[in-house]
Amino acid sequence: MAPDTPAAPFNKPASTGLRHARCLFHPLREAAARCPHCGGTFCRECVTDEEGKLACPPCLRRMARPPEPKLSLTRSLRQVVAGLTALAALMALFFALLHWRTNTPEGHLNFGVAVDDRAPGKSNE
C-alpha cells in the first residue's frame, strides 16, 4: 500500500514528460502515468483508473471524501450569540464574587482563624 503523501518530487523540467520521470511514492520505479489532479508522476502500482480517469491514491481519497458542509449564516450567528452569552455569564459571576469580597467583613473570610473580640493590648491575665 502506498503512503498518504508522495516523496519529495525531483526538480526535472516538464518537457521531458514521463521518459525520465520516477514514481513519487517509489523513487526507484519508472513512472507510468501523470495524475491530472496534482500533476505527480506515478508507477503502474500507484496509479488507479477510476471511472475512466487516472488518479493517484491521495487524489482518489480526496475526491471520495464528501465536501465539508458550509455553516449557514443563522448557525454562525447562533454560535456567536452562544459565545457572547457564555462570556457575559462568566463576567457576571466574576463581578458578583468581587462585590461579595469587597462587602464581606474581614472576620468572615478568615476561616481557619478564631476572631478575637477583645480590644488590642488587653490580656486575659
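Simple spin-label model, 7 Å along Cα-to-Cβ: A86 to R62 in nm?
Here the modelled spin labels are 3.3 nm apart.
If R0 is 22 Å, what FRET efficiency do you get for R19 and E45 from their C-beta distance, rounded to 0.05? The partial results should precede the final answer.
Working: r = 19 Å, r/R0 = 0.88.
Calculated value: 0.70.
Ignoring ligands and nucleic acids, what accessible area does L93 show with a 1.4 Å probe (Å², nearest 10)?
For L93, solvent-accessible area is about 100 Å².
Can you give me the long-range amide H partners of A33? Hydrogens built in the peptide plane at 1.01 Å from N, cutoff under 5 Å, separation of 5 or more residues or another chain.
HN-HN under 5 Å from A33: F42.
Can you send over the solvent-accessible area of M91, 1.4 Å probe, protein chains only, in Å² to the nearest 10?
Probe radius 1.4 Å; accessible area of M91 about 100 Å².
Along the range 81-86, what does the Karplus equation 6.51 cos²θ - 1.76 cosθ + 1.60 (θ = phi - 60°) give for ³J(HN,Hα), rounded to whole Hz, x for Gly and Pro?
My calculation for the range 81-86 gives 5, 5, x, 5, 5, 5 Hz in order.
The values are calculated or read from the model by the stated rules, or taken from the named source; none is laboratory data. Keep in mind that what you see is a predicted model, and the values were worked out from it rather than measured. Don't worry about glycine lacking a Cβ; one is built from the backbone with ideal geometry, like all the others, and counts go over all protein chains shown. Only protein heavy atoms, including side chains, enter the accessible area calculation; ligands, DNA and RNA are left aside. Shrake-Rupley method; radii C 1.70, N 1.55, O 1.52, S 1.80 Å.
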